[in-house]
Amino acid sequence: MTKQSEWLDLCSIGDLVENSGVCALLKEQQIALFYLPAEQKVYAVGQYDPFGNANVISRGIIGSKEGKLFVASPLYKQHFLLEDGCCLEDETVSLPVWKTQIINERVMIQTV
Amino acid sequence: MNKQNLVVVGNGMVGHQFLQSLADSGQLDQFNVTVFCEEPRLAYDRVYLSSYFSGATAEDLAMGQIDVYQSWGLNVLIGEAVTSIDRDAQHVHTNKGTTLFYDKLVLATGSYPFVPPVPGHTREHCLVYRTIEDLEAIKASATGAKVGVVVGGGLLGLEAAKAIKDLGLETHVVEFAPRLMAVQLDEGGGNLLRKKIEDLGVKVHTGKNTQQIVDGKDAYHRMEFADGEVLETDLILFSAGIRPRDNLARDCGLEVGERGGIVVDNNCQTSDQKIYSIGECALWSGRIYGLVAPGYAMAKVVVEQLSGGDKQFLGADMSTKLKLMGIDVASIGDAHGHTKGALSYTYNDQVNQIYKKIVVSETGNELLGAILVGEANDYGTLLQYALNGIQLPKNPETLIVPNFGGDDAETGLGISALPDTAHICSCHDVTKGAIFCSIEAGAQTVCEVKAATKAASGCGGCNQLLTDLVNHELEQRGVTVSHDICEHFAFTREDLYNIIRIEEIKTFDGLLSKHGHGHGCEICKPLVGSLLASCWNEYILDKPHVGLQDTNDTFMANMQKDGTYSVVPRVPGGEITPDQLIAIGQVGKKYNLYTKVTGGQRIDLFGARLEELPEIWKELIDAGMETGHAYGKSLRTVKSCVGSTWCRYGVDDSTGLAIELENRYKGLRAPHKIKFGVSGCTRECAEAQSKDIGIIATEKGWNLYLCGNGGMKPRHADLFATDLDKDTLVKYIDRFLMFYIKTGKRLQRTSVWMENLEGGLEYLRKVVIDDHLGMNETLESQMDHVVATYECEWKRTIEDEDALKRFRTFVNSEKTDNNIVFIQERGQIRPATEEEKAVAEPIKMIM
Ligand SMILES: Cc1cc2nc3c(=O)[nH]c(=O)nc-3n(C[C@H](O)[C@H](O)[C@H](O)COP(=O)(O)OP(=O)(O)OC[C@H]3O[C@@H](n4cnc5c(N)ncnc54)[C@H](O)[C@@H]3O)c2cc1C
Ligand code: HEM
Ligand code: SF4
């Protein structure tokens, strides 16, 4: 039997910070949310920094490299792509990512 | 084609270099290479052997790697020594019974420490210093020992003495000669070195001839000297010279030197054409080279010879610079002035303990040699003069006499003056010409040149020279070394600063849409955030600015390794009331924070969780405190001594001035952090000369020092102006800081900025004092704006509901981060390690 994926209501758009990150809790999972108002898009990646071993990713700066959006870890500055969580410095490492959508000012996240 | 059998005996530093050069030359496929390595491990860096005592592991020191060797197709026999050579049959025999045929044989057997045969030298705890095993034996012997003696006061002896001292033993150096390093140093240099070493707590005994070693009364050994004196010690380390390992050669009838060493010619061939010898076992032109660089050169010669080339070994320069127990010592060429007609200049600074001597030719045109003790910054320049016969300046003494505030350009050796044959890197034998070739071949940065030539990858002593040379050459070639800050802005920091000022741009988005592209990144966002703050000084958490800040600026606290933050209230001038101390103590206690006094005369509170920061700050602000900007690239502290108010020696109120200055410049954002110091008299208790801005009271006012630095690369601040009254002092500082903010590079401290400022100190004086650029009024009014718009960012934040929302750990939950775990140590908390986290119960619960 496959597990059904579902969309959960995580928080409101008002909880987010434009062009920057915050952290939300989904059960025990810490999720970093980055809000880009220009694209009306919220990116969700894991909050845990696998290099620094601390929950800090939402506090990194976001930016772009050759058109791809990333967040730079605030601890040791590795870059992780917001789209797929891949680390640019070490291809064997990546952050988990979730799909999101904005519905009626609420941030919805897809669980798996 | 039939492959030749190439056998290499010895896998030390030079043996390894030989294999490396052979691989680099692309000739490996012409040989079946077999390497005999007597030691239990492949080649390692003996030069840095002592670092084994300060934590380096055998892996850190390793040079030869088995997988690399195998990928080269070498047959490597570790722990197997060659015991004899049969030259007629062209066989080597080993201690494990192997017999192997060779077409070509390379002897790289190095040397062994010489132990003078005094009675008792074979007793237990009599050791030497050459291999990792030796060091392990020393470590073992040192446990339980109290006293250690090194026999031999040469370079190795002194290095060994340091190691023994670091192991915690009372350390003595016993030297036969009347002074340390007698051969290379003259009396002045030797005496100074001795004094410095004694200041470090090592006892030096010169002119001592050890007669015998017997059982001691209070220690394990008793050393008896010819003059009747005795010395008791638990451990004896012999460092009385090295002897070449030439027994294989000797036994098979190869020519060896009278006092040892395998005789080789300019091809590094021994008296048997099929056999080469390189490194410390080889005797060339009657001498053994006890350094790696000549050995490396020999290795390369043999690689060439094997492919039919005609490269030859024609001797090597023995000039050296090194740190002995933290003391710079260098010797160049004919340091004793043995050349006929040689003249010398000596500079002997007993106050700062610096000794320098240069030896010049009879005509005064050429540098023949030099000795530097205590400070060897001039080594690179002097060496180039000596090696290349460059014409000396009219007054050669200017090369060693300190230059007080004068213009360096006169004596500093122009890079362009060096001939193409000039050796830049002696470890890897890289000339200026070779460096230019690599640039010709496409290298565009210092890194690429290093990769292409290996320059500066040995001892690293030539790093600075190489960097200057490469950058100079690139500029000569019109290569614009790209100074763009990142892919989003094709500008330098100064360009952006000017654009922001002139076009009065107030936001990142405004700048990006007009002058940049893409989304920005972690380089340009904080940079622009800092520029905007330097210029307009708006609240950094305002909506357009908040996404620009590094996490430290965003949360106005310093992130620590576990994701918690540290909090530092401002303590202007280091003056603090008992009530404020109590308030800080109460906060620390209430939130269970680790507290530590910082180097900047204030108190750091560690281990605050994100969500605690606003509450903590509310309490601190209620107690009358302000943010200390410890998180910002901005003014940090103004350190001060107590000054004339209390101090018997003080000539002015240094604390009062420090408080005034700290309050004036607090919150000022700059290319990097800025530190001040103010001392009440020349005793300089505030260490102001190690700060970006240092001020020292004089009888007639204040002396201003600029661009000092502690940290990784300390720099003494330059004396900029003397006996200033306070108003002038403040004006100069205003102008200086704004000029630095305008022209500094990203993350460039004032010290580095000054080192790179064209025209140096003199130019800065022209700008700041003589208004050379006609911009002083502007600079002052820009500073006035920043001063007038100061507000405590934390005060503003705790009153701002919107900004406070950002300090929630989770936007949708009251829970806290369960990955933050503390352990108690010395009565306070510290972050748990990953292993501890696995077992520990969190001791700090949610409030
Ligand atoms: C503590 C210390 C500090 C030093 N500092 C400096 C410095 O700052 N600058 C500098 O230039 N030099 C320095 N040196 C000197 C430098 O280490 C030597 O010049 C260099 O190691 C010589 O290399 P080599 O290959 O000739 O000899 P080694 O490195 O001694 O290698 C020879 C190898 O051959 C092996 N061997 C010998 N006989 C046989 C055999 N029959 N069969 C198989 N294997 C055999 C030996 O076991 C050894 O491993 C220092 C040396 C020491 C000990
Ligand atoms: C990388 C730098 C250097 C290395 C690797 C080195 C290595 C050695 C070695 C191996 C010895 C023992 C050799 C022997 O006694 O036969 C030695 C001895 C000595 N070294 Fe150095 N040396 C270096 C630099 C210097 C410098 C810069 C000086 C002086 C300024 C110096 C002065 C001496 C003296 C005086 C002795 C004792 C000589 C003797 O006992 O005959 N060395 N050095
Ligand atoms: S620097 Fe001078 S005034 Fe200041 S404490 Fe030291 S001795 Fe006293």
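Would you mind checking the tilt of helix B:578-590 against the longest principal axis of the Cα atoms of chain B, expressed as 0 to 90 degrees and rounded to 10?
Approximately 70 degrees, to the nearest 10.
Quick check on region B:460-571: take the gyration tensor over C-alpha atoms, sort the square-rooted eigenvalues as a ≥ b ≥ c, and tell me if it's rounded (a/c under 1.5), prolate or oblate.
Oblate shape, in that a/c is at least 1.5 and b/c is the bigger or equal ratio.
For a label point 7 angstrom out from the Cα of B:ALA81 toward its Cβ, which stretches of region B:7-25 have the backbone nitrogen within less than 16 Å?
B:9-12
Could you work out, residue by residue across B:804-810, how many beta carbons of other chains sit within 10 Å of that residue's beta carbon, and then give the average as an integer?
5
So between B:LYS596 and B:THR728, what do we pick up on full extension, going 0.36 nm a residue minus the alpha carbon distance?
Between B:LYS596 and B:THR728, full extension yields an extra 43.9 nm.
Under the 0.36 nm per residue contour assumption, what length would be gained going from the current alpha-carbon distance of B:LYS96 and B:ALA451 to full extension?
Roughly 123.8 nm would be gained on extension.
Around B:LEU322, under 10 Å between beta carbons, what's the net of Lys plus Arg minus Asp minus Glu among the other residues?
Local charge sum for B:LEU322: 0.
How much accessible surface does A:TYR48 have with a 1.4 Å probe, in Å² rounded to 10?
90 Å²
Carbon and sulfur: what percent of region B:607-647's accessible surface (1.4 Å probe)?
Ligands and nucleic acids excluded, carbon and sulfur reach 56 percent.
Would you give the gap between the C-alpha center of region A:1-64 and the C-alpha center of region B:257-325, rounded to a whole Å?
64 Å
Counting DSSP beta bridges with both partners in chain B, what percentage is antiparallel, nearest 5?
65 percent
Residues of B:543-555, mean number of Cβ from any other protein chain within 10 Å of their own Cβ, rounded to a whole number?
Going residue by residue through B:543-555 and averaging, the value is 4.
Relative contact order for chain B: what is it in percent, counting Cα pairs under 8 Å that are at least 6 residues apart?
Averaging sequence separation for qualifying contacts and normalising by length gives 6 percent for chain B.
Please compare each pair in A:LYS99/B:LYS543; A:LYS41/B:LYS561; A:LYS41/A:LYS65; B:LYS543/B:LYS745; B:LYS311/B:LYS340 to a cut-off of 21 Å on the Cα-Cα distance and tell me which ones are over it.
A:LYS99/B:LYS543; A:LYS41/B:LYS561; B:LYS543/B:LYS745; B:LYS311/B:LYS340
Helix B:155-166: angle to the longest alpha-carbon principal axis of chain B, degrees 0 to 90, nearest 10?
The angle comes out near 50 degrees.
Rounded to the nearest 100 Å², what's the accessible area chains A and B bury against each other, both chains counted, probe 1.4 Å?
By this definition, chains A and B bury close to 2800 Å².
Would you mind putting B:365-371, B:137-143 in packing order, based on average other-beta-carbon counts within 10 Å, highest first?
Highest to lowest by the protection proxy: B:365-371, B:137-143.
Report, by chain and number, residues whose modeled amide H sits under 5 Å from the one on B:SER634, excluding near sequence neighbours (fewer than 5 apart, same chain).
Hits under the 5 Å cutoff: B:ALA670, B:LYS673, B:ILE674.
In percent, what relative contact order does region B:535-681 have, based on Cα pairs under 8 Å that are 6 or more apart in sequence?
Relative contact order comes out at 24 percent.
Using a 10 Å cut-off on Cβ atoms, rank the peptides B:225-235, B:484-494 from the highest mean neighbour count down.
Going by the mean number of other Cβ atoms within 10 Å, highest first, we get B:484-494, B:225-235.
Taking a ≥ b ≥ c as the square roots of the Cα gyration tensor eigenvalues, with a/c under 1.5 meaning rounded and otherwise prolate when a/b beats b/c, else oblate, which class fits the protein assembly as shown?
prolate
Quick one: which residues, 5 or more positions from B:ASP653 or on another chain, have an amide H under 5 Å from its amide H? H modelled 1.01 Å from N in the peptide plane, none for Pro or chain starts.
Under 5 Å from the amide H of B:ASP653 lie the amide H atoms of B:SER644, each far enough along the sequence or on another chain.
How large is the accessible surface per residue of the protein assembly as shown, computed with a 1.4 Å probe and reported in Å² as a whole number?
Ligands and nucleic acids excluded, the figure is 45 Å² per residue.
Starting from region B:517-590, pick out the GluC sites (Glu not before Pro) whose DSSP state is loop and whose Cβ has at most 16 other Cβ atoms within 10 Å.
Listed in order of number, the matching sites are B:GLU538, B:GLU575.
Run the 1.4 Å probe and let me know the accessible area of B:MET318, rounded to the nearest 10 Å².
70 Å²
Once you have the Cα-Cα distance between B:THR778 and B:GLU362, take 0.36 nm times their residue separation minus that, and quote the gain in nm to one decimal.
144.1 nm
For B:VAL256, which sequence-distant residues (separation of 5 or more, or a different chain) have an amide H within less than 5 Å of its own amide H, given hydrogens modelled in the peptide plane?
Answer set, sorted by chain and number: B:VAL263.
Order the following by accessible area, largest value first: B:LYS742, B:LYS394, B:LYS543. Probe radius 1.4 Å; ligands, DNA and RNA are ignored.
Final ranking, largest accessible area leading: B:LYS394, B:LYS543, B:LYS742.
Is region B:25-184 best put as rounded, prolate or oblate by its Cα gyration tensor, with a ≥ b ≥ c the root eigenvalues, rounded for a/c under 1.5, and otherwise prolate when a/b is larger than b/c, oblate when not?
prolate
The values are calculated or read from the model by the stated rules, or taken from the named source; none is laboratory data. Just so we're clear, the structure is a prediction, and the values are computed from it rather than from any experiment. When we count neighbours, we look across all protein chains shown, and the Cβ atoms used for this are built from the backbone with ideal geometry, even at glycine. Keep in mind that these areas ignore ligands, DNA and RNA; they rest on the heavy atoms of the full protein, side chains included. Shrake-Rupley method; radii C 1.70, N 1.55, O 1.52, S 1.80 Å.
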